[in-house]
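Since the structure comes first, as structure tokens, the remarks are kept for the end.
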Amino acid sequence: MGLAEEYFDDGSSFLAIDPLSINPESLVDFSLFERHVRKNEQDRFRCLLVDSQAIPWERLLKLLSSWEVVYIHKKQNFNYTQYVKQNLEFILNHENIDVKKKTGTLINIATEVIQDSFAANFVSPHECDRAIENIEKLVSQAMDFISGIDSLKGIADLIGHDYQTHTHSIKVGWLTATFINANPDLFEVETGAPLGEDQLRDLMVQATVAGFLHDIGKIKIPRNVINKKGKLNNLEYALIQSHTAYSTSILFESKLPRSSMQTILYHHENEDGSGYPCGLSGEQIPLIAKICHIADVFDAITSKRSYKAARSPFAALKIMAGDNPHLATLRKFEAEVRENTKIPVAAIVRDDYEAKLRRLREREILEEEAKKRVVARTRLRDQGMSHCFDTDLLRRFILTINRSENFDLSGLL
Ligand SMILES: [Fe+2]
């Protein structure tokens, strides 16, 4: 794509990028610009490098380290995004690139890949496998970065942001990878022998892919329920709960291994059997599903929603580790959702005006009741959730993220 050597622009046609993100060993097919800020005039963007084909490697390396920031023209954004996808491993493992920038790059690329997967037409196993292959490739490139404790700084910077399904899925996969890498002994117990390096890496990749896809079934839930600004009534709550079964159904014909499918299906099962979809408890719940559950709830509580503020990691983990004094009532409410998912939508076909009004009023009262129940259920749940998690795993989760100086959890254990 032919670009001029010079532009006068307010900056809106350009994107700032970190020169360190350019891998000198990988040729670029986009131009790099520098910006001269000018008072009361449009800024001047001058082309520094048309492409890297004609420049010796050493010279390029020198140039890249001498520039603090460079710009690309938005017309070449596609080329740049493709380039970053191909060179993600180089960028994420570069010791001089700030974790914040790495996190931004990872979230951008991963969001695009997950969005593509969520939008993919899963009617054929081929489509399904192509989407999974893209996620596996991305996760493999990111694994060294996301499984290290230092990368938790990136997660810490994302805490408190608005909840978005894609970012949430990335964080859940990321936290799962970091946790497994910090606690490999858990899997030695499972298999009866220490895991080899490759085995551990495979396990982390599969668990992270499951984390990235764990909520894919939400594409089958009506949008007005998924995006509802406010608390859900019983029917909507039950619909949301069906996403685990939908996820498994969508991915059923895929080549995902059994452990990933189990993680996706069982990531809402509670330790005491009060979760869904199967009401499994304790040992019945697969280990990675339990870890994914902890990461999932931790991220949900620390994210901002339209109906609730974000909690700090300390407050979230305090709720998750706390015993609930109202467990009996909470269980009653949860059971009620399963038993009474139908909002009594009266079939108003008669011309009896009085009866119609009465039925409408009855429906309103019942809907109001349902809403009150949801408010009460959420309030009660926040009093303590220890019954939902494996105590040892939750303790290990707290210890793992506490190893990063960006989380201050002292006094929690
Ligand atoms: Fe979920």
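Any read-out appearing in this document is the output of simple, stated calculations on the displayed coordinates, not a laboratory observation. Quantities reported herein were computed from a predicted structural model and do not represent experimental measurements. Using ideal geometry, Cβ is built from the backbone for each residue, glycine included, and neighbour counts are taken over all protein chains shown.
Some values worked out for this structure:
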| read-out | value |
| --- | --- |
| Angle in degrees between helix 125-146 and the longest Cα principal axis of the chain, rounded to the nearest 10 | 70 degrees |
| The chain - mean residue ellipticity at 222 nm from DSSP helices (-39,500 (n - 2.57) per run, n ≥ 4, rounded to 500) | -17000 deg cm²/dmol |
| Dipole magnitude of the chain about its Cα centre (Cβ charges: Lys, Arg +1; Asp, Glu -1), debye to nearest 20 | 1760 debye |
| Under the Karplus curve 6.51 cos²θ - 1.76 cosθ + 1.60, θ = phi - 60°, whole-Hz ³J(HN,Hα) for the stretch 70-84, x wherever Gly or Pro sits | 10, 10, 10, 6, 4, 4, 9, 4, 4, 4, 5, 4, 4, 4, 5 |
| Most fluctuating residue given options GLY11, GLY160, GLY322, as computed from a GNM of the chain linking Cα atoms under 10 Å | GLY11 |
| Long pairs among LYS229/LYS304; LYS171/LYS304; LYS137/LYS304, criterion Cα-Cα beyond 19 Å | LYS137/LYS304 |
| Which of SER274, SER124, ASN183, positive extreme of dipole for the chain (C-beta unit charges) | SER274 |
| Most mobile listed residue (ASP144, ASP202, ASP43) in the chain, GNM with C-alpha springs under 10 Å | ASP43 |
| Peptides ranked, highest mean first, by Cβ atoms within 10 Å: ranges 124-133, 231-240 | 231-240, 124-133 |
| Ascending count of other beta-carbon atoms within 10 Å, so fewest first, for ARG331, ARG38, ARG373 | ARG38, ARG331, ARG373 |
| Between 0 and 90°, nearest 10: helix 327-339 axis offset from the chain longest Cα axis | 90 degrees |
| Cα long-axis angle, helix 99-119 against the chain (0 to 90 degrees, to the nearest 10) | 60 degrees |
| Charge dipole magnitude, Cβ of K and R +1, D and E -1 - the stretch 55-156, Cα centre, debye nearest 20 | 460 debye |
| Label-point gap, in nm, between ALA238 and ILE149 - each point 7 angstrom along Cα→Cβ | 4.7 nm |
| Within a Gaussian network of the chain (alpha carbon springs, distance under 10 Å), most fluctuating of PRO222, PRO194, PRO56 | PRO56 |
| Extension gain, ASP162 back to ALA16 (0.36 nm per residue minus Cα-Cα distance, nm) | 50.1 nm |
| Packing-based order for 85-91, 210-216, using average beta carbon neighbours within 10 Å, highest first | 210-216, 85-91 |
| Alpha carbon centroid spacing (whole Å) that separates the stretch 126-186 from the stretch 230-306 | 17 Å |
| Gain upon complete extension [ASP323, ASP129; 0.36 nm per residue less C-alpha separation] | 65.6 nm |
| Residue order, fewest to most beta carbons within 10 Å, for CYS292, CYS278 | CYS278, CYS292 |
| Residue order, fewest to most beta carbons within 10 Å, for LYS62, LYS308 | LYS62, LYS308 |
| 5 angstrom amide H check on HIS161, placed H, neighbours 5+ away | LYS304 |
